[in-house]
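Peer 1: What follows is a single structure, and I will ask about it in a moment.
Values quoted throughout were computed directly from the atomic coordinates according to the rules given, and no laboratory measurement underlies them. On a predicted model such as this, the values are computed, not experimentally measured, just so you know. Note: ideal-geometry Cβ built from the backbone for every residue, glycine included; neighbour counts use all protein chains shown.
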Amino acid sequence: MSMPDWLSSLFSLTKEISSKAALPIFIATFVLLFLPDPYSQKIGLDQFRDTYRIWVGVLLLLSGAALITNAIWAIAGFLRPKINTWLFVREKRKTLRSLTADEKAILRRFIIDGEASVHANLNSGPINLLEHKEIVTRAANVSVRLTIFSYIMQPWAREYLERNRDLLN
């Protein structure tokens, strides 16, 4: 059973309505529909409300749906980078648990010896593996003696290895 075309068009429309327009419409239609009778009679809205109740109700639902949809998109936009970073670090932590002895020797210089940067030969296999695994990165494209470059450790890796020094044994 599929959704009628007009209903799916209505849902896609709610995503396009901005919160700046939806909020006043929502408040106005909410007040119009739920204002107690004595007050609505005093300001002359009771007949209008009775005549157009269904349309005012549709506007209330549409503007409410637009507000909820916009809120969900805003929350998702805020959380997406944090979730992506968390997933990235979680996946990379698995990599830190399966390092070779040569890779551990390089990382010990960062963690145990406290070096901020390590100079290594560009042709070195272990440093290239660490760079490929996104654990270290080249600090600059300026070399010393043609193939010696400075490498720095990624902050997430440094933080994790500082807390789990036993992984470098």
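Peer 1: Given a Förster distance of 41 angstrom, what is the FRET efficiency for ALA140 paired with ALA71, based on the Cβ-Cβ distance and rounded to 0.05?
Peer 2: That pair, ALA140 with ALA71, gives E of 0.40.
Peer 1: Only Cα pairs within less than 10 Å get springs; with that Gaussian network setup on the chain, which residue of THR85, THR51, THR95 has the largest fluctuation?
Peer 2: Highest fluctuation of the listed residues: THR51.
Peer 1: Let me ask you something else. With volume of the Cα convex hull per residue in Å³ defined as stated, name the option among (i) 136; (ii) 116; (iii) 242 computed from the structure displayed.
Peer 2: Derived directly from the coordinates: (iii).
Peer 1: Let me ask something else about it. Could you check the spin-label model distance between ARG80 and SER18? Points 7 Å from the Cα along Cα→Cβ, value in nm.
Peer 2: 2.0
Peer 1: Within region 82-111, whose backbone N sits under 13 Å from a point 7 Å along Cα→Cβ of ASN164?
Peer 2: 89-99
Peer 1: When the chain is modelled as a GNM with alpha-carbon springs shorter than 10 Å, which of LEU67, LEU35, LEU129 fluctuates the most?
Peer 2: Of the options given, LEU35 has the highest mean-square fluctuation.
Peer 1: Lysine pairs in region 7-151 8 or more apart or on different chains: how many have alpha carbons under 22 angstrom apart?
Peer 2: 8
Peer 1: Still on this structure, please answer the following. For the chain, modelled as a GNM with alpha-carbon contacts under 10 angstrom, which of LEU130, LEU59, LEU45 fluctuates the most?
Peer 2: LEU45
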